[in-house]
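Presented below is the structure to which this report refers.
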Amino acid sequence: MKINWTKAIGLTAAAAMLLPLAACGSSNDSAAKSSGSTEEVALSVWAPQEDQAKDNNWLDKTEKAFEKAHPEYKITWKNDVVSEADAADTVEKDPSAAADVYMFANDQLGRLVDAGAIGEVGTNELKQVKEQNTQSLIDSVSNGGKVYGVPYTTNTWFMYYDKSAFSADDIKSLDSMLAKAKVAFPMTNGWYLQALLTKSADLTFFGDGTDASKGITVDKDKLTAATKYLVSVANNPNFVLDNENSGLSDLQAGNIKAYFSGSWDAANVKKALGDNYGAAPLPTYTVDGKSYQMQAFAGSKAAAYNPNAKNQKAAAQFAAYLGSSESQKTHYDMREVIPSDKTLTSSDEFKGNELVNAQSTVADEQSLIQPTISAMNSWWDTAKAFGESITIKVTTAVNSAVMASAWADQLAVMNK
């Protein structure tokens with residue numbers, strides 16, 4: 001949905017900076033067009049390398065579209081390569097010297113807020129965010145009751161598979177798939193491992209995800225049963241450990257027939273599998289005779305403006321434009337970055353798209369919002385260590401109760 005915002009009249013200059021306007025359509029913009037008056041603006045922007053590729057430059061195309069929508073500005077752009085995953089690390093070094101506009105993964109939000117390096121969205125931006133996104137995605141860019149950033153894609157993962165190896169019924173169950181062909185899974189990566197524990201072991205993160213005092217909790221007895229299941233998976237001859245994205249290489253080489261990843265791998269998977277390419281939501285798995293739904297972490301990637309920007313108003317407007325419906329559609333057309341905008345994903349154009357359906361189904365029905373509080377940093381290393389103990393056979397079916405209990409105790413004290 002294209003949002004037309006109206007510029008507020010009579011606000012102080014400072015307030016106007018906090019209420020950035022959208023891409024186009026205001027009466028003052030019309031006045032600017034007729035008068036020909038322009039404001040000299042310099043904007044620095046950080047975006048991933050893939051969005052600045054010489055032969056497929058989404059960022060450049062979006063900047064030109066923004067210029068056309070905002071004739072009141074004469075903009076000098078300074079673009080640099082910083083990925084969404086590296087945004088917080090780079091911004092924290094010196095927020096005042098960071099880019100005016102940048103793209104970030106929402107799990108970094110707490111750090112960016114603490115650094116004073118991310119601007120709260122204004123009234124018009126908030127309207128855009130609410131019209132475009134589900135509540136879970138709005139929550140993914142919220143901190144302390146305030147909304148920061150404009151989502152442009154859901155950040156989660158799903159399943160890729162070879163349709164010549166698995167039927168439509170097979171892909172509903174991980175156990176059925178492991179009985180038929182080789183499947184890769186990143187058991188030593190905490191972003192994936194929790195998917196096999198959240199439901200089966202009653203794994204919770206900080207209450208509703210925002211209260212560090214609640215810690216990370218798990219049911220010991222259920223964790224023991226889930227651990228035995230993970231051991232059985234790791235010992236299955238059709239299980240292949242996906243380590244540091246080795247799953248994609250194995251799929252390309254024909255060594256595996258399914259693996260779990262996100263939309264960023266779509267083009268390579270399609271090239272590897274050709275007519276047998278398949279993308280699907282997450283399957284179920286069975287622990288102690290009971291079926292559970294795999295549940296991925298989910299969040300978003302979003303555009304934000306730096307409150308330290310010299311041209312804060314224009315920076316906030318451009319951040320909003322990066323997450324606009326038009327920009328998201330172009331992002332998909334150029335790079336298959338799946339829109340977070342529900343007005344796009346629910347349209348006829350996207351309804352029959354299995355890639356979009358896989359990601360959207362996981363985000364809407366098979367996920368939990370990844371906590372953005374700094375206490376979440378304690379999860380990754382301990383989850384990796386637990387997964388490794390299983391894959392290298394330190395944790396076994398025989399000692400699973402002892403190992404599960406020890407890990408549960410470790411989780412209980414980490415955030416106290």
**Request:** First measure r as the distance between the Cβ atoms of Asn56 and Lys214, then evaluate 1/(1 + (r/R0)^6) with R0 = 41 Å and state the FRET efficiency to the nearest 0.05.
**Result:** 0.40
**Asked** How much of the accessible area of the chain, probe 1.4 Å, is carbon plus sulfur, in whole percent?
**Response** 49
**Fill in**
One would report the Cα pair-distance distribution of the range 279-367, bin width 10 Å, in %, as 15, 36, 26, 16, 6, 2, 0
**Prompt:** How big, in percent, is the set of alpha carbon pairs in the range 127-264 lying more than 24 Å apart?
**Reply:** 46
**Message:** If I build a Gaussian network model for the chain, linking alpha-carbon pairs within less than 10 angstrom, which residue out of Ala201, Ala320, Ala279 has the largest mean-square fluctuation?
**Reply:** Ala201
**Request:** Quick one: check the C-alpha center-to-center distance for the range 84-113 versus the range 191-219, whole angstrom.
**Result:** 26
**Request:** Filter the cross-link list Lys163/Lys351; Lys146/Lys351; Lys127/Lys301; Lys172/Lys222; Lys163/Lys384 down to pairs whose alpha-carbon distance in this structure exceeds 26 Å.
**Result:** Lys146/Lys351; Lys163/Lys384
**Complete:** Most packed first (mean Cβ within 10 Å per residue), the peptides 204-211, 188-195 order as 188-195, 204-211
**Message:** Give me log10 I(q)/I(0) at q = 0.13, 0.17, 0.19 Å⁻¹ for the range 341-416, Debye formula, one equal scatterer per alpha-carbon, no solvent.
**Reply:** -0.65, -0.80, -0.86
**Prompt:** Taking a probe of 1.4 Å, how large is the accessible area per residue of the chain, in Å²?
**Reply:** 42
**Request:** Taking semi-axes √(5λ) of the Cα gyration tensor in Å as the quantity of interest, determine which of (1) 34, 23, 21; (2) 42, 24, 17; (3) 52, 27, 21 was computed from the displayed structure.
**Result:** (2)
**Asked** Can you give the Kirkwood hydrodynamic radius of the range 154-222 from its Cα pairs, in Å with one decimal?
**Response** 14.4
**Message:** Restricting things to Cα coordinates, could you compute the convex hull volume per residue of the range 193-290 in Å³?
**Reply:** 136
**Fill in**
Mean 1/r over distinct Cα pairs of the range 257-416, inverted to a Kirkwood Rh in Å, yields 19.5
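Out of the DSSP beta bridges found with both residues in the chain, what percent are antiparallel (nearest 5)?
60
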**Request:** Treating the angle as unsigned and between 0 and 90°, give the value, to the nearest 10°, between the Cα long axis of helix 354-365 and the longest Cα principal axis of the chain.
**Result:** 80
**Request:** Using only Cα atoms, tell me the angle between helix 377-391 and the longest principal axis of the chain; keep it within 0 to 90° and round to the nearest 10.
**Result:** 30
**Prompt:** Taking the Cα atoms only, what angle lies between the long axis of helix 58-69 and the longest principal axis of the chain, rounded to 10 degrees?
**Reply:** 30
**Contact order relative to length of the chain, as percent, for alpha carbon pairs under 8 angstrom and 6 or more apart** = 25
**Request:** Report ³J(HN,Hα) in whole Hz for each residue of the range 136-145, in order, from the Karplus equation J = 6.51 cos²θ - 1.76 cosθ + 1.60 where θ = phi - 60°; Gly and Pro get x.
**Result:** 5, 6, 4, 4, 5, 10, 10, 8, x, x
**Message:** Among 169-178, 397-406, how do they line up by average Cβ neighbours within 10 Å per residue, starting with the highest?
**Reply:** 169-178, 397-406
**Of the trypsin sites (Lys or Arg not before Pro) in the range 45-97, those whose Cβ has at most 11 other Cβ within 10 Å and which sit in DSSP loop** = Lys54
**Prompt:** Quick one: how many Å² of Lys146 are accessible to a 1.4 Å probe, rounded to 10?
**Reply:** 90
**Asked** So who's got an amide H within less than 5 Å of the one on Asn79, skipping anything under 5 residues away but keeping other chains? H placed 1.01 Å off N, in plane.
**Response** Val45
**Prompt:** What would the Debye formula give as log10 I(q)/I(0) at q = 0.13, 0.14, 0.18, 0.19 Å⁻¹ for the alpha-carbon point model of the range 111-192, no solvent?
**Reply:** -0.65, -0.69, -0.81, -0.85
**Request:** Express in % the proportion of alpha carbon pairs of the range 224-337 at distances exceeding 26 Å.
**Result:** 45
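The values are calculated or read from the model by the stated rules, or taken from the named source; none is laboratory data. Only a predicted model underlies this, so the values are computations on that prediction, with no experimental measurement involved. Virtual Cβ from ideal backbone geometry, glycine too; neighbours counted across all protein chains shown. Protein only, heavy atoms only, side chains kept; ligands, DNA and RNA dropped before computing areas. Shrake-Rupley method; radii C 1.70, N 1.55, O 1.52, S 1.80 Å.
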